[in-house]
Amino acid sequence: MTLTVAQIATLVNGHVTGDPDTVITGISEIQSAQAGDLTFLGNPKYTKYLTQTRAAAVIVPSNFNIAATAALILVDNPIIAFGSMLAYFRPAPDRPAPGIDPTAVIAPDVHLGEDVVIGPLVVIEPDVCIGKGVIIGAQVFIGRGVRIGNDSTLDPHVTLYPQTQIGNRVHIYSGTVVGSDGFGFIRQKETIVKIPQTGRVIIDDEVEIGANCAIDRGTLGDTHIGQGTKIDNLVQIAHNVKIGPYCILAGQSGVAGSSSLEGGITVAGQVGISGHLHIGANAIIAAQSGVSKDEAPGTVVSGYPAQPHNDARKEIANIRSIPELRQRIKSIEDKLGIK
Amino acid sequence: MTLTVAQIATLVNGHVTGDPDTVITGISEIQSAQAGDLTFLGNPKYTKYLTQTRAAAVIVPSNFNIAATAALILVDNPIIAFGSMLAYFRPAPDRPAPGIDPTAVIAPDVHLGEDVVIGPLVVIEPDVCIGKGVIIGAQVFIGRGVRIGNDSTLDPHVTLYPQTQIGNRVHIYSGTVVGSDGFGFIRQKETIVKIPQTGRVIIDDEVEIGANCAIDRGTLGDTHIGQGTKIDNLVQIAHNVKIGPYCILAGQSGVAGSSSLEGGITVAGQVGISGHLHIGANAIIAAQSGVSKDEAPGTVVSGYPAQPHNDARKEIANIRSIPELRQRIKSIEDKLGIK
Amino acid sequence: MTLTVAQIATLVNGHVTGDPDTVITGISEIQSAQAGDLTFLGNPKYTKYLTQTRAAAVIVPSNFNIAATAALILVDNPIIAFGSMLAYFRPAPDRPAPGIDPTAVIAPDVHLGEDVVIGPLVVIEPDVCIGKGVIIGAQVFIGRGVRIGNDSTLDPHVTLYPQTQIGNRVHIYSGTVVGSDGFGFIRQKETIVKIPQTGRVIIDDEVEIGANCAIDRGTLGDTHIGQGTKIDNLVQIAHNVKIGPYCILAGQSGVAGSSSLEGGITVAGQVGISGHLHIGANAIIAAQSGVSKDEAPGTVVSGYPAQPHNDARKEIANIRSIPELRQRIKSIEDKLGIK
């Protein structure tokens, strides 16, 4: 499994600086690369390693012009180029052979597509329909009436509550719970009344959901995750939330009930989005922000409460200028003989 | 399954504006209602849909006075009224038939009440006592010495550590872990010493706990969740915490060790409450607040660090007034010929 | 199971004030202690209980000089001393007898050390090696190629993805997922590209990880948790993160991708640490902080964005001084006849 730098450049649509015949035998991080390795520079913070690295070749941004002993492969997006070579040098493990583990507990009327893999100790309730090529990991629970499209994967210990609808090529990681009741409680005098949660969760094609997330069913309509959206670990998606296509939600973020996110939105880690809000397409919400009002398409917000990122930065600068303002007030007071 | 508007008004104790003989055949959200549907207006943000909705009737607040083509049913609390009609039009699925799945692994001395349901691949350790009408979902783990009252429900993949005590009509959603060790670690020189965690978790009647929560056992005494308290997903309750009756804790909130919350408290999403604090009855903690001191009964707090909500709002206004203050200082300096 | 105060003082290396022959028959919290009980004073907030307690003896700090009716045992660290007596009066439950539950699904080539305990409905994939004395709780999933050292414990419902490496005397609590894919997604035009996640998670000896955490595998190298580090519940450790020895990470905290923490660091609850950062040894990060830049060894930081704790405190004081500054500006304007 070796390639020359020239061959790699062709595969990733890049230009070579240095010896195109250099032979690449492995792949690694720039800090720990060994002779013969391919590596990449994805973040300017790591540029300092470039002069020390033992790597044979480094994938760098196309505007890169720092001299290096290693061969350089210049590309538009080094991380994506590196990712494609990673898939080459470290191929994914083989798909498990199709088959149903004899310890799985499967209701008689369940429909299983061709080439499905059902792991040990899985539970599948009645009226479930699973598409072809689906992989159900060990100890998964699939409730009554669930639908799963083709070529999706549920990792061990996933829970799908009844009526959950999963599209094609979806991947859900271990411990994630989809379709539990929304948090619909109303105070009434001294007690608390529960609003029934009768909707579903619908997850479109190519969605990926990390470990130990919680995605609640809708109250009446459905909670909906749009095509190609990627969700990290420990994320909370509340009832009736609508998330558009190709959003990214990072770890420990949460979206409260009935909010809707258009497509292409990026939500960083530990962000909270309040309920009944509308976030416009391609908005970017910085880490730990608390979003408490609607946001226009394309806005970049940060802070608590969240505001346009430039305003939030100015606000921090303003706060840090208070001692200087106090000093200027003091000087004026001194000049005027006040107090 | 149809009702007239007049019949519904009687059921929800409301008054009718419009035709009381209108026949209702379904139920839906105001944005997506079809002819014959009942819907509701629970949040003023959705008032704009009232003129467009195809719904046959809308449940509205009793002080509502906007004209609408649909029949209106005026009630004190539209959401609660709607919830009760939701239970009528979309009845909960039938309770599973009593019985013990043959794949469950149950210690011989376990006491099971009448009409219990034990799902497939459940594990129940010795010395456990489960009340009548309890439903144990698939793949649940119940540790040694656990007690569960009558008519409680554990959803698939719940974990109850040994000695956990669960009351009557409690509902715990999938992935939640109750009774793991509290985080009792003390630094000592270069290393870290663990304090044994020997208490239990006690959960009173009618508590509901969402998905993927973590509720730790007490160090010596017990962690305690009071009657009727409702907890959302991904919530952390640390060791020795005492939560009073009818509290509401929203998603991703956390209460640190040994803090006590009186009854009727509302904790919004992503709130953190530090350890060894006391929060008075009926306090309200706004989303993402960081509570670092005791709070009096009935207080409404927000911010980081949390303070009375009106103070927090004034503080934000003060911060946003800094540019104006700077300008006023500049004007004075100009007038005085400073710098 | 009784001891005299003098015997206890010897065991915890303390000095006695009061009657050394007092007999201790139990152990409890200071608020609820009964006659014959040993208790402790670990937090000055609880000093008020000292005059009311019915305890026979109280472990207190060595500089303690308040009169009490109970015997006092003065020690350097009351919590650690109390912890050791807690282990005496409330011994841990017996270790389960070695053996493999017949319902476990174990690949034929798995290597099991002496005296292992494998609970019911466990799944262990091929090429796994488990050391002596390991306890695998019910319903655990262990993926292909995993290595577990001696005397480690996995509680029920833990998930270890393939290739995870666990050291000796490690304890992982229920619901935690180790080794799921890192969140490696890059936007490219209208879509999102996934970077393969081919590294592992390596967990060193004596690490403890709470319930429902998520620890992602590395992209290329490994995610690494150093010896003796203790992690609370619902914590997120992203891909490629390196955590040094004897760190403490409290509940709901998160460390983003490729950040490295040296040894001895304390991370309080709900903290977020951004990606690609370096945190120096023994730093302390206060609750809910948002760390967005490198931190030097020994720094104490708080706030959002995090800054040195004294600066953060001054900043809060500065913000709260704005009304006073406004008033002083107004007085100057009045004196000068402005506006």
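Tabulated values for the structure
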item	result
Given (1) within 23 Å of C:Pro305 (Cα to Cα); (2) within 10 Å of another protein chain (Cβ to nearest Cβ), number of the condition A:Asn310 does not satisfy	(2)
Residue among A:Ile186, A:Ile231, A:Ile192, A:Ile130 that alone is crowded, with 22+ Cβ neighbours inside 10 Å, without any contact (Cβ under 8 Å) to a residue 40 or more places away in the chain, more than 10 Å from chain C (Cβ to nearest Cβ) and of a type in the set (Val, Ile, Thr)	A:Ile130
Index of the failed condition, C:Ser180 passing every other in (1) closer than 28 Å to A:Ile265 by Cα; (2) of a type in the set (Gly, Ala, Ser); (3) within 10 Å of chain B (Cβ to nearest Cβ)	(3)
Residues within the range A:295-315 that are assigned to a strand (DSSP E or B) and buried (at least 18 other Cβ atoms within 10 Å of the Cβ), tallied	4
For C:Asn318: the one exception among (1) loosely packed, with under 14 Cβ neighbours inside 10 Å; (2) of a type in the set (S, T, N, Q); (3) within 30 Å of B:Asp334 (Cβ to Cβ)	(1)
Odd one out for B:Gly175 among (1) surrounded by fewer than 16 Cβ atoms within 10 Å (Cβ to Cβ); (2) within 17 Å of B:Val201 (Cβ to Cβ)	(1)
Residue in the range A:316-326 that is farthest from the other protein chains (Cβ to nearest Cβ), counting only those that are within 20 Å of C:Ala306 (Cβ to Cβ) and in a helix (DSSP H, G or I)	A:Ala317
Flag for A:Val110 being of a type outside the set (Gly, Ala, Ser), over 20 Å from B:Gly175 (Cα atoms) and more than 24 Å from the chain's Cα centre (by Cα)	yes
Residue count, the range A:31-51 (criterion: touching a helix residue (DSSP H, G or I) at 6+ places or on another chain (Cβ under 7 Å), closer than 21 Å to A:Ala6 by Cβ, without any contact (Cβ under 8 Å) to a residue 40 or more places away in the chain and within 12 Å of chain C (Cβ to nearest Cβ))	0
Sole residue being assigned to a loop (DSSP other than H, G, I, E, B), away from chain C (no Cβ under 13 Å) and either buried (at least 22 other Cβ atoms within 10 Å of the Cβ) or basic (Lys, Arg) (or both), chosen from A:Gly269, A:Gly257	A:Gly257
Lone unmet requirement of (1) touching a Lys or Arg at 6+ places or on another chain (Cβ under 9 Å); (2) among the polar types (S, T, N, Q); (3) not assigned by TED's automatic domain parsing to the domain that holds C:Ile203 for C:Gln327	(1)
Selection count, the range C:234-254, where residues are facing another protein chain (nearest Cβ under 9 Å), assigned to a loop (DSSP other than H, G, I, E, B) and in contact with a Phe, Trp or Tyr (Cβ under 9 Å, 6 or more places away or on another chain)	3
Given (1) at pLDDT below 95; (2) surrounded by 15 or more Cβ atoms within 10 Å (Cβ to Cβ); (3) of a type in the set (D, E, K, R), number of the condition A:Asp115 does not satisfy	(1)
Test: residue in the range B:282-294 that is in contact with a Ser or Thr (Cβ under 8 Å, 6 or more places away or on another chain), in the same structural domain as B:His157 (by TED's automatic domain parsing), part of a strand (DSSP E or B) and surrounded by fewer than 20 Cβ atoms within 10 Å (Cβ to Cβ)	yes
Long-range neighbours under 8 Å by Cβ, at least six apart or interchain, first residue in the same structural domain as A:Ala55 (by TED's automatic domain parsing) and closer than 16 Å to A:Gln7 by Cα within the range A:73-84, second assigned to a helix (DSSP H, G or I) and of a type in the set (Gly, Ala, Ser)	A:Ile73/A:Ala9; A:Ile73/A:Ala81; A:Val75/A:Ala81
Among (1) out of contact with any Cys (no Cβ under 9 Å at 6 or more places or on another chain); (2) under 21 Å from A:Thr176 (Cβ atoms) - the single one C:Gly167 does not satisfy	(2)
Residue list for the range A:144-154, restricted to those being surrounded by 21 or more Cβ atoms within 10 Å (Cβ to Cβ) and in contact (Cβ under 8 Å) with a residue 24 or more places away in the chain	A:Gly149
Enumeration of residues in the range B:210-240 that are touching a Leu at 6+ places or on another chain (Cβ under 8 Å) and closer than 17 Å to B:Asn282 by Cα	B:Thr229, B:Lys230, B:Ile231
Checking A:Ala87 against (1) closer than 24 Å to C:Arg217 by Cβ; (2) free of Cβ contacts under 8 Å to residues at least 40 places away in the same chain; (3) more than 10 Å from chain C (Cβ to nearest Cβ); (4) aliphatic (A, V, I, L, M), the condition it does not meet	(3)
Residue identified as aliphatic (A, V, I, L, M), within 12 Å of another protein chain (Cβ to nearest Cβ) and in contact with a helix residue (DSSP H, G or I) (Cβ under 9 Å, 6 or more places away or on another chain) among A:Ile142, A:Ile106, A:Ile73, A:Ile80	A:Ile80
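The values are calculated or read from the model by the stated rules, or taken from the named source; none is laboratory data. Quantities reported herein were computed from a predicted structural model and do not represent experimental measurements. Neighbour counts are summed over all protein chains in view; Cβ atoms, including those assigned to glycine, are modelled from backbone coordinates with ideal geometry.
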